[in-house]
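The structure under discussion appears below in the form of structure tokens.
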Amino acid sequence: MHQPKNKATLANGRSATKDFGNSFSKSFTVGIMTSLAYRHLAPAAKDVCNLMFVKNDNARFHKQKDADGKPVFTFTTADAVSFLKISNKTFSNSLKQLDAHGLIERHKRGGLIGANGVASEFTLSNRWKDWLPEGKHIGHANINKARAAPKRKPIV
């Protein structure tokens, strides 16, 4: 049975409204997704990171930039709770992890205490390119050990 189409629905079934929920990042590249910095994030931090890239593109489109020309965007705890259904603590830990891994920089600190309820502003960073996991040597030692190991006969 054919259902009547809403004005805000396109022929392909997608929403025609240009809201944040229907956005996808154009700046989230394969290089970022395959980087050590991104791959070593907790799942919730990856979700927050993905939305930050969408917010960055939205800020670029609306010309919300700092003095250096980098897009600046806000991401509040209310946004995280609404879009991702995560707790305040999980969002806070995700922000710390994203900063530590070099994916974001806090442009302006916000919050309720000492900031008069102003939202924090963020920019994306390129520090993720130089990030390495702490205490881990990235090399081919394990690969070389596996290659040098004696070959075993297959179990039949």
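The values are calculated or read from the model by the stated rules, or taken from the named source; none is laboratory data. Since the structure is predicted, the reported quantities are computational estimates derived from the model, not experimental observations. Here Cβ is always computed from backbone atoms with ideal geometry, including for glycine, and neighbour counts include all displayed protein chains. The protein model used for the area step is the full one, side chains on, heavy atoms only, and it has no ligands, DNA or RNA in it. Shrake-Rupley method; radii C 1.70, N 1.55, O 1.52, S 1.80 Å.
Before moving on, here are some points about what is shown:
- For Leu41, the criteria (1) open to solvent by 70 Å² or more (accessible area, probe 1.4 Å); (2) under 21 Å from Pro133 (Cβ atoms) hold in every case but one, which is (1).
- Considered as a group, the residues in the range 100-110 that are outside any loop (DSSP other than H, G, I, E, B) and among the hydrophobic types (A, V, I, L, M, F, W, C) include one that is most open to solvent (accessible area, probe 1.4 Å), and that residue is Ala100.
- The residue of the range 21-65 that is modelled with the lowest pLDDT, among those that are more than 14 Å from Leu103 (Cβ to Cβ) and in contact with a Lys or Arg (Cβ under 8 Å, 6 or more places away or on another chain), is Asn22.
- Of residues in the range 59-83 being part of a loop (DSSP other than H, G, I, E, B) and charged (D, E, K, R), the one most open to solvent (accessible area, probe 1.4 Å): Lys63
- One residue stands out in the range 84-99 among those that are among the hydrophobic types (A, V, I, L, M, F, W, C) and under 13 Å from the mean Cα position of the chain (by Cα): the one that is surrounded by the most Cβ atoms within 10 Å (Cβ to Cβ), namely Leu98.
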